[in-house]
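Structure record follows, encoded as structure tokens.
The values are calculated or read from the model by the stated rules, or taken from the named source; none is laboratory data. Fair warning: this is a prediction, and the values are worked out from it, not measured in the lab. Neighbour counts run over all protein chains shown; Cβ positions are idealised from the backbone, glycine included. Surface accessibility is based on the protein's heavy atoms, side chains included, excluding ligands, DNA and RNA. Shrake-Rupley method; radii C 1.70, N 1.55, O 1.52, S 1.80 Å.
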Amino acid sequence: MKILDRYILAEMIMPFIYGVAAFSILFMSVSSSELISNIVSLGAKGGFSLLIQYILASLPQVFVYTFPMAVLLATLMAFGTLSGNSEIVAMKAGGISFVRIGMPGVLLTLVISIVAFFMSEQILPDANYTATNIVMKQLIKESADEKQNLVFSNVEKDGTERRIFAKSLDEEQGVLRGVCIFYFNKHHRTREVYSAKAVWENNKWFLDSPRTYDFDEEQGIKYESKSESGVLPIGENPTDLSKRERKYSEMSRAALQKKIDLMKEVTRTCVDPEIVAEYSKLYHKFEVALCQRTSLPFSCLVFGLFGIPLGLRPQRTNTSIGLGLSLVFILFYYVLMTLGRSLGINGVVSPMLAAWLPNIVFGAIGIFLFIRARRT
């Protein structure tokens, strides 16, 4: 590594560490305000210990969000300081191109992106699951809340695959709501059963007024019936079912893809338009989340490409100015991210475009600024 590389990296690393610390504290102070009040009520019952456990479990998610912010702050401050001290002018006078000057910063942001991607894939799902369990089961204790969007799948002895979906579970009342049962044989749909609810009685789930549709080989409805009751083929009791299923932020990429495939199958085969509409929006939400597993970590590289040329201003850049500019651009980035996510969930744009929209916008601006700075 040459002296120039070490010098520029040294200028960036300390502001990056400062940014991670500052933005992480800001994130945690906002997200943990309600937890602090719960800790006060817990008093000597281990509340502070639980808070520390929660903070440690939350750090991977916080870092994934704050790394891009810290990268932007570091590039603005480092290259702004070099420009303000006329060091960039001196480097160019010595025959060093702007691309060569910016290369150490670009490589550092690429390394940070890879670290964030690894953290998002390997550490984040389990850490988020642990943090949420601490909040729900140990601090807030909202066990009475309904569990949402349950999915079950199994294969019977004759090879028939059965997939069961339920919108929610009320463990206290022993009620499953919005029940859908799909039967497949050799990937061909053979039967669908719908019921507004299923009630746990005498160690069985009883369906309320189920509607049944049987399908022929051409996938047309050959028989339709409605009965007063039926038995839901699930052996687990409400307590077993209430064991919390992971949210999309707590799933690995493989688990996310598996759930997306299941929900796509529902929208492809279901005859109930309301169910189709609901699960279509739901699987779009999971698809956007899956794409964001890559787009968010690599926003560090995008912010590097954006921040390096932006930091080349004639005036000296101090910490307060760099922090203020970072907050403005970060706010704009997350507005774009929210907009893209909304468009993706509603099917207006593809999930990939929805997840990468802010990176595309900031990346395009960064490349433009890089080209303009190279010419000056």
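Structure notes:
- Count - residues of the range 256-277 that are open to solvent by 40 Å² or more (accessible area, probe 1.4 Å) and under 25 Å from Trp356 (Cα atoms): 5
- Residue within the range 195-208 that is part of a loop (DSSP other than H, G, I, E, B), open to solvent by 30 Å² or more (accessible area, probe 1.4 Å), in contact with a Pro (Cβ under 9 Å, 6 or more places away or on another chain) and at pLDDT 85 or above present: no
Residue-wise test of (1) without any contact (Cβ under 8 Å) to a residue 40 or more places away in the chain; (2) of a type in the set (S, T, N, Q).
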| residue | (1), (2) |
| --- | --- |
| Glu224 | yes, no |
| Ser229 | yes, yes |
| Ser249 | no, yes |
| Cys270 | no, no |
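- Candidates Val276, Val266, Val271, Val288, filtered to the one that is more than 17 Å from Phe63 (Cα to Cα) and part of a loop (DSSP other than H, G, I, E, B): Val271
- Flag for Ala57 being part of a helix (DSSP H, G or I), more than 23 Å from Pro309 (Cβ to Cβ), in contact (Cβ under 8 Å) with a residue 24 or more places away in the chain and not acidic (Asp, Glu): yes
- Top-ranked residue in the range 221-242 [being aliphatic (A, V, I, L, M) and surrounded by 12 or more Cβ atoms within 10 Å (Cβ to Cβ); ranked as modelled with the highest pLDDT]: Leu232
- Residues of the range 349-367 satisfying the condition of being of a type in the set (A, V, I, L, M) and farther than 16 Å from Cys291 by Cα: Val361, Ala364, Ile365, Ile367
- For the range 65-100, the candidate set comprises residues that are within 14 Å of Ala10 (Cβ to Cβ) and among the hydrophobic types (A, V, I, L, M, F, W, C); within that set, the residue that is most open to solvent (accessible area, probe 1.4 Å) is Met77.
- Among residues of the range 325-360 being over 26 Å from Gln257 (Cα atoms) and within 20 Å of the chain's Cα centre (by Cα), the one that is surrounded by the most Cβ atoms within 10 Å (Cβ to Cβ) is Tyr333.
- Any hit, the range 298-315, residues being at pLDDT below 80, open to solvent by 70 Å² or more (accessible area, probe 1.4 Å), within 29 Å of Val361 (Cβ to Cβ) and not acidic (Asp, Glu): yes
- Given (1) within 16 Å of Pro297 (Cβ to Cβ); (2) out of contact with any Lys or Arg (no Cβ under 7 Å at 6 or more places or on another chain); (3) open to solvent by 10 Å² or more (accessible area, probe 1.4 Å), index of the condition Glu121 fails: (2)
- Top-ranked residue of the range 137-166 - restricted to ones that are open to solvent by 60 Å² or more (accessible area, probe 1.4 Å) and in a helix (DSSP H, G or I), ranked as modelled with the highest pLDDT: Lys137
- Residue in the range 278-296 that is farthest from Val179 (Cα to Cα), counting only those that are of a type in the set (A, V, I, L, M, F, W, C) and open to solvent by less than 20 Å² (accessible area, probe 1.4 Å): Leu296
- Within the range 1-15, residues that are among the β-branched types (Val, Ile, Thr) have Cβ atoms under 6 Å from residues that are buried (at least 16 other Cβ atoms within 10 Å of the Cβ) in these pairs: Ile8/Pro104, counting only partners at least 6 apart in sequence or on another chain.
- Test for Phe48: is it over 16 Å from Gly304 (Cα atoms), free of Cβ contacts under 8 Å to residues at least 12 places away in the same chain and out of contact with any strand residue (DSSP E or B) (no Cβ under 7 Å at 6 or more places or on another chain): yes
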